[in-house]
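Student: Pasting in a structure now, in structure tokens, and then I'll have a few things to ask.
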Amino acid sequence: MLRFIKYSLALVAAVLIVSACDKKLDLEPAQSISEELALSTDANVKSVLLGAYDALGNYAFWGGYTMRDAELAGADGEIRWVGTFNGPREVFNHTMIAENPEAEAMWNAGYNAINIANNVLSALSVVKADDRDQVEGEALFIRAVCHFELVRFFAKPYEAGGNNTQPGIPLMLRPTREIDDASFVSRASVEDVYAQVVTDLAAAFDKLPEENGNLANKYAAAAMLARVHLQKGEYDHARDHANDVIGADVYSLVSDYASEFNNDDNTSEDIFANQISTQDGTNDMVTYYSIPEFGGRDGDIEIEQKHLDLYDPNDARLLFHYDGNGAIRAGKWRDQYRNIPNIRLAEMYLIRAECNQRLGTSVGAPVDDDYNATHTRAGLPAKSGVTLDDILLERRLELAHEGHKLHDVKRLKGTVDGLPYDDPKLVYPIPAREIAANPNLSQNQGY
């Protein structure tokens, strides 16, 4: 039984940081190293931190599933799953079971990244003093992103103005290196999970530099804070953090919408992008959205007419879709081995526009200006007197197929396929193996 628990708990899975030496032979296993060695020097800790980024970009997390599944579960007739894999079909049809492999893979990937980040945070004392804040900030950013994504999928939605005592997910704030009583963590409330996410991101914002190559920087943390506060309905905070990013003048919208996607390198618009190459990384958005001609599968996700009808006929974002393998496809996920823009500047403009419109303010810029930043980039005439409905539609078109649909339905209290935003069928099951291994975990309703 202990062996089953050990290998089924995703909270323990940090491949680079395991202590499994055979005491009789005193040999380090060939495929792992002890935490004493992995976390013993500045260079080693920084290498482990890169492993945390790699885990964050896993195909089952920011490398695909968190974005793909938010679109599949929120499809509402706008896209369709036609692939042969049953796991995504259950997500699309809202018929998931506790053994669903997509849910298990996402859970495992998220907690693996969290555990690696926690190991880095536990070893800050060996990091060079001049670099310590940055390393801590990067690890906190990764931990916050993972907790945020997991709570949005595996718990009932955050209710703005509510007490949010509904079960969230386990909050993991220390590394798990062996199985003991502390390993069996119960689910924190949704409120507590969101509070920890905000705390981690705020600390990351303070500690991260303005420039950090392709890794997380101060503005990536600010952008995530804007996204989190928007999900919570805290429009003043969301607006201000989006304004921090836009006002820094570090990023700029690319002039042509299509040029933001299918790139080997970050664009001027990318605040954080998952780096993909032929040697490393997986873009599972391409895997399922694209077709064999461009390196995808058989075209598992088709774009439906209900979605296409949302666009003006002259909208460059409509024209970016293409006909391939007998159906309409999303052009932004066409080419294999291309980066995944996880956070981009266009989202910040639309967050600031929405929040200013709701609050009757014009922090940073008038509402019309922020709306038109993306609207005119798409080849459409500028609009005045922009309404909240205009902004929400612009958001849907600008960020289509990028993993926002289900979460926007929930925060806006909409419906999906006739299901209300808080229906248990729109919440992922806690993986069955985790329930069996951890007696302190409760299952979600309906599983």
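Student: Search the range 364-377 for residues that are under 18 Å from Leu318 (Cβ atoms) and pair each with any residue that is polar (S, T, N, Q) and surrounded by fewer than 19 Cβ atoms within 10 Å (Cβ to Cβ) when their beta-carbon atoms are under 8 Å apart and the residues are at least 6 apart or on different chains.
Tutor: Close Cβ pairs satisfying both conditions: Arg377/Ser255.
Student: Additional query: Can you tell which of Ala238, Ala220 is surrounded by 22 or more Cβ atoms within 10 Å (Cβ to Cβ), touching a Cys at 6+ places or on another chain (Cβ under 6 Å) and at pLDDT 95 or above?
Tutor: Answer to the selection: Ala238.
Student: Within the range 378-413, count every residue that is without any contact (Cβ under 8 Å) to a residue 60 or more places away in the chain and closer than 18 Å to Ala330 by Cβ.
Tutor: Of the residues in that region, 3 qualify.
Student: Shifting gears a bit: Just name the residue that is surrounded by the fewest Cβ atoms within 10 Å (Cβ to Cβ) out of those in the range 193-217 that are in contact (Cβ under 8 Å) with a residue 60 or more places away in the chain and within 25 Å of Pro157 (Cα to Cα).
Tutor: Among them, the one singled out is Ala203.
Student: Being out of contact with any Lys or Arg (no Cβ under 6 Å at 6 or more places or on another chain), part of a loop (DSSP other than H, G, I, E, B) and under 24 Å from Ile303 (Cα atoms), is that true of even one residue in the range 428-442?
Tutor: yes
Student: Sticking with this one: If you go through the range 205-219 one residue at a time, do you hit one that is assigned to a helix (DSSP H, G or I) and within 20 Å of Tyr235 (Cα to Cα)?
Tutor: Looking through the range 205-219, at least one residue is assigned to a helix (DSSP H, G or I) and within 20 Å of Tyr235 (Cα to Cα).
Student: Are any residues in the range 40-74 over 11 Å from the mean Cα position of the chain (by Cα), of a type in the set (Phe, Trp, Tyr) and within 22 Å of Asn212 (Cα to Cα), and if so, which ones?
Tutor: Tyr53
Student: From the set of residues in the range 53-81 that are closer than 25 Å to Lys413 by Cβ and among the charged types (D, E, K, R), which is surrounded by the most Cβ atoms within 10 Å (Cβ to Cβ)?
Tutor: Restricting to residues being closer than 25 Å to Lys413 by Cβ and among the charged types (D, E, K, R), the top hit is Arg68.
Student: Could I ask something else about it? Could you tell me which residue of the range 126-144 is surrounded by the fewest Cβ atoms within 10 Å (Cβ to Cβ), considering only residues that are of a type in the set (A, V, I, L, M, F, W, C) and within 19 Å of Glu211 (Cα to Cα)? Working first, answer last.
Tutor: Here is the first cut: in the range 126-144, the residues of a type in the set (A, V, I, L, M, F, W, C) are 126-127, 129, 135, 139-142, 144.
Among the residues that remain, those that are also within 19 Å of Glu211 (Cα to Cα) are: 129, 135, 139-142.
Details: Ala129: 9, Val135: 22, Ala139: 29, Leu140: 26, Phe141: 29, Ile142: 27.
Selected residue: Ala129.
Student: What is the residue count in the range 400-417 for residues that are of a type in the set (D, E, K, R), over 26 Å from Leu319 (Cβ atoms) and in contact with a Gly (Cβ under 8 Å, 6 or more places away or on another chain)?
Tutor: The total comes to 2.
Student: Taking Asn266 and the conditions (1) assigned to a loop (DSSP other than H, G, I, E, B); (2) under 14 Å from Ala346 (Cα atoms), which numbered condition does it fall short on, given that it satisfies the others?
Tutor: (2)
Student: With the requirement that a residue be under 20 Å from the mean Cα position of the chain (by Cα) and of a type in the set (S, T, N, Q), what does the range 254-272 give you?
Tutor: Correct list: Asn262, Asn263, Asn266, Thr267.
Student: Hey, another quick one. Restricting to the range 85-133, and then to whatever is over 18 Å from the mean Cα position of the chain (by Cα) and of a type in the set (Asp, Glu), can you tell me which residue is farthest from Asp200 (Cα to Cα)?
Tutor: Only one residue fits best here, namely Glu90.
Student: Condition test on Thr282, is it over 17 Å from Glu78 (Cα atoms), outside any helix (DSSP H, G or I) and either of a type in the set (S, T, N, Q) or in contact with a His (Cβ under 7 Å, 6 or more places away or on another chain) (or both)?
Tutor: The answer is yes for Thr282.
Student: Let me ask you something else. For the range 282-296, what are the residues that are buried (at least 18 other Cβ atoms within 10 Å of the Cβ) and either of a type outside the set (Phe, Trp, Tyr) or without any contact (Cβ under 8 Å) to a residue 24 or more places away in the chain (or both)?
Tutor: Across the range 282-296, the qualifying residues are Thr282, Asn283, Asp284, Met285, Val286, Thr287, Ser290, Ile291, Gly296.
The values are calculated or read from the model by the stated rules, or taken from the named source; none is laboratory data. Predicted model, so just to flag it, every value in this text is computed and none were measured. Cβ atoms come from the backbone with ideal geometry, glycine included; neighbour counts cover every protein chain shown.
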